[in-house]
Amino acid sequence: MPPEPPPPAPLGLLAELTHRCPLRCPYCSNPLSLARASSELSADEWGRVFEEAAALGVLQLHLSGGEPAARRDLAAIVAHAARAGLYSNLITSGVTLDAARLESLVRAGLDHVQLSVQDAEADSADRIGGLAGAHARKLEFAALVTASGLPLTLNAVVHRQNLERLPALIDLALRLGAGRLEVAHVQYHGWALRNRDALLPSRAQLDAATATVAAARESLRGRLVIDYVTPDYHARRPKACMGGWGRAVLVVTPAGRALPCHAAEGLPGFDFPDVRAMPLRRIWTESAAFRRFRGTGWMPEPCRGCDRRERDWGGCRCQAHALTGDAAATDPACALSPHHALLDLAVREAMAAPDDAAFRYREMRAR
Ligand code: SF4
Ligand code: FES
């Protein structure tokens, strides 16, 4: 089969500026082994990556981490993004940003802030994030953002230990003046997979949350946009992870590796290209890593003959690898996968754990 032609351009660039972070969330999407500060791309190197991304056709830049504000040169990085003409979204925990630093980011041309909260109640939020006092600081930072005139999105990762407060999280988003709320069920990679038994919601919890979101979308139409990312473990069909491998998003790690998704570095047998050594356009269009699972030519049965293959693109490669040991397998979230029973088993095991099971917190084990 001829190789799949590359799609015209990624919609977004996810720039992981650092793995350093003051929080220790047990569902962190960072890899288990974190990049050292000394290996991070410099602000000028990021600037070159942003210019190349803009030339490729990228419009949106997500500045992420770890905690991007752990970079003291964050304003210089934002200024590079503005010069490249990219719309910049800062994905932050907000706990280390004060008025002066926010002001410097606004002056550098920042366009949008996405602030994470761990729960609607401070005690629980601080326990989940593993940092005392964090929730209160986030509320102060949210007020600074809205006062600055920047648009604010609130991001709430939800799971078994905070889902009952989903209505309160929606109220919190309204109170803080957010225009958008992202309610994202935990996706079970890396640290989250280690904490699966403590985080996985029951079917009843999931159904109640889905109904809450549907009702709030209706009643808050025109006031608050709610995005909703569902979990795979109660699903019959998978999601199009990252919009399909190498189709919509390009991730660059703190040390400059280009990935089709944030978790891909954990897949064996890949040599992910280095943005210091290869231009972004070549990485996107020619690199073996981005072409490996692009399109449908790589698919095994049952995906190969399935009429959903260009809707979900076979689901998630990282989940397939984590659960079956084979990144090219059909995502076990699909009921047609021969491995689908693994998810039912995982749900049964998680339901046997107590509702307040202890977390294994993310820790900085640098490579
Ligand atoms: Fe998607 Fe493959 Fe399942 Fe079809 S068989 S729904 S393409 S994961
Ligand atoms: Fe890597 Fe889904 S997280 S493909």
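Would you mind stating whether HIS262 is more than 30 Å from LEU152 (Cβ to Cβ) and either under 20 Å from the mean Cα position of the chain (by Cα) or buried (at least 18 other Cβ atoms within 10 Å of the Cβ) (or both)? Talk me through it step by step, then tell me what you get.
Working: more than 30 Å from LEU152 (Cβ to Cβ): no; either under 20 Å from the mean Cα position of the chain (by Cα) or buried (at least 18 other Cβ atoms within 10 Å of the Cβ) (or both): yes.
It is false that HIS262 is more than 30 Å from LEU152 (Cβ to Cβ) and either under 20 Å from the mean Cα position of the chain (by Cα) or buried (at least 18 other Cβ atoms within 10 Å of the Cβ) (or both).
Would you mind telling me which numbered condition in (1) within 16 Å of ligand 2 (Cβ to nearest atom); (2) on the phi < 0 side of the Ramachandran plot; (3) surrounded by fewer than 17 Cβ atoms within 10 Å (Cβ to Cβ) LYS239 fails?
Checking LYS239 against (1) within 16 Å of ligand 2 (Cβ to nearest atom); (2) on the phi < 0 side of the Ramachandran plot; (3) surrounded by fewer than 17 Cβ atoms within 10 Å (Cβ to Cβ), the one that fails is (3).
A quick yes/no check of all residues on (1) of a type in the set (A, V, I, L, M); (2) under 30 Å from ARG20 (Cβ atoms):
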site	(1), (2)
ALA289	yes, yes
TRP298	no, no
GLU301	no, no
ASP326	no, no
ALA333	yes, no
SER337	no, no
ALA350	yes, no
ARG362	no, yes
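Which condition does PRO332 not pass, out of (1) more than 8 Å from ligand 1 (Cβ to nearest atom); (2) farther than 20 Å from ALA235 by Cα; (3) surrounded by 15 or more Cβ atoms within 10 Å (Cβ to Cβ), if it passes all the others?
In the conditions (1) more than 8 Å from ligand 1 (Cβ to nearest atom); (2) farther than 20 Å from ALA235 by Cα; (3) surrounded by 15 or more Cβ atoms within 10 Å (Cβ to Cβ), PRO332 misses (2) alone.
So TYR361 clears everything in (1) more than 14 Å from ligand 1 (Cβ to nearest atom); (2) without any contact (Cβ under 8 Å) to a residue 24 or more places away in the chain except one condition, right? Which one?
With respect to (1) more than 14 Å from ligand 1 (Cβ to nearest atom); (2) without any contact (Cβ under 8 Å) to a residue 24 or more places away in the chain, TYR361 is out only on (2).
Which of the residues spanning region 187-231 are touching a Lys or Arg at 6+ places or on another chain (Cβ under 7 Å) and either of a type in the set (Val, Ile, Thr) or closer than 16 Å to ASP331 by Cα (or both)?
TYR188, VAL225, ILE226
Identify the single condition in (1) surrounded by 23 or more Cβ atoms within 10 Å (Cβ to Cβ); (2) more than 19 Å from the chain's Cα centre (by Cα) that MET299 does not satisfy, given that it satisfies every other one.
(1)
Quick check on my filter: what residues within region 130-151 are under 28 Å from TYR188 (Cβ atoms) and touching a residue at least 24 places away in the same chain (Cβ under 8 Å)?
Of everything in region 130-151, those that are under 28 Å from TYR188 (Cβ atoms) and touching a residue at least 24 places away in the same chain (Cβ under 8 Å) turn out to be GLY130, LEU131, ALA134, LYS138.
When you check LEU11 against the structure, is it touching a strand residue (DSSP E or B) at 6+ places or on another chain (Cβ under 9 Å) and crowded, with 17+ Cβ neighbours inside 10 Å, yes or no? Spell out the reasoning first.
Working: touching a strand residue (DSSP E or B) at 6+ places or on another chain (Cβ under 9 Å): yes; crowded, with 17+ Cβ neighbours inside 10 Å: no.
The answer is no for LEU11.
Hey, any hits in region 174-194 for a residue that's part of a helix (DSSP H, G or I) and surrounded by fewer than 16 Cβ atoms within 10 Å (Cβ to Cβ)?
Taking every residue of region 174-194 in turn, at least one turns out to be part of a helix (DSSP H, G or I) and surrounded by fewer than 16 Cβ atoms within 10 Å (Cβ to Cβ).
Output yes when any residue across region 274-293 is under 30 Å from SER202 (Cβ atoms), of a type outside the set (Gly, Ala, Ser), buried (at least 17 other Cβ atoms within 10 Å of the Cβ) and near ligand 2 (Cβ under 9 Å from one of its atoms), and no when none is. Please lay out each step first, then the result.
To start, the set of residues in region 274-293 that are under 30 Å from SER202 (Cβ atoms) comprises none.
Scanning region 274-293 turns up no residue that is under 30 Å from SER202 (Cβ atoms), of a type outside the set (Gly, Ala, Ser), buried (at least 17 other Cβ atoms within 10 Å of the Cβ) and near ligand 2 (Cβ under 9 Å from one of its atoms).
Considering each of GLY190, GLY133 in turn, give the residue that is more than 26 Å from GLY222 (Cα to Cα) and at pLDDT 95 or above.
The conditions single out GLY133.
Does region 141-154 include one or more residues that are within 30 Å of GLY314 (Cβ to Cβ), at pLDDT 95 or above and surrounded by 19 or more Cβ atoms within 10 Å (Cβ to Cβ)?
Yes; the residues of region 141-154 include at least one that is within 30 Å of GLY314 (Cβ to Cβ), at pLDDT 95 or above and surrounded by 19 or more Cβ atoms within 10 Å (Cβ to Cβ).
Select from region 54-71 the residues that are farther than 26 Å from SER33 by Cβ and without any contact (Cβ under 8 Å) to a residue 60 or more places away in the chain and write down the one among them that is surrounded by the most Cβ atoms within 10 Å (Cβ to Cβ).
Result: ALA54.
For region 277-329, which residues satisfy the criterion of being of a type in the set (A, V, I, L, M) and near ligand 1 (Cβ under 8 Å from one of its atoms)?
Across region 277-329, the qualifying residue is only MET299.
Being within 13 Å of ligand 2 (Cβ to nearest atom) and on the phi < 0 side of the Ramachandran plot is the requirement here; does VAL249 meet it? Spell out the reasoning first.
Details: within 13 Å of ligand 2 (Cβ to nearest atom): yes; on the phi < 0 side of the Ramachandran plot: yes.
In short, yes.
Give, as residue ranges, the helices (runs of 4 or more DSSP H) completely inside region 251-367 that count at least 1 residues that are of a type in the set (Asp, Glu).
280-286, 309-312, 341-351
The values are calculated or read from the model by the stated rules, or taken from the named source; none is laboratory data. Just so it is clear, the model here is predicted, and its values are computed rather than measured. Neighbour counts are summed over all protein chains in view; Cβ atoms, including those assigned to glycine, are modelled from backbone coordinates with ideal geometry.
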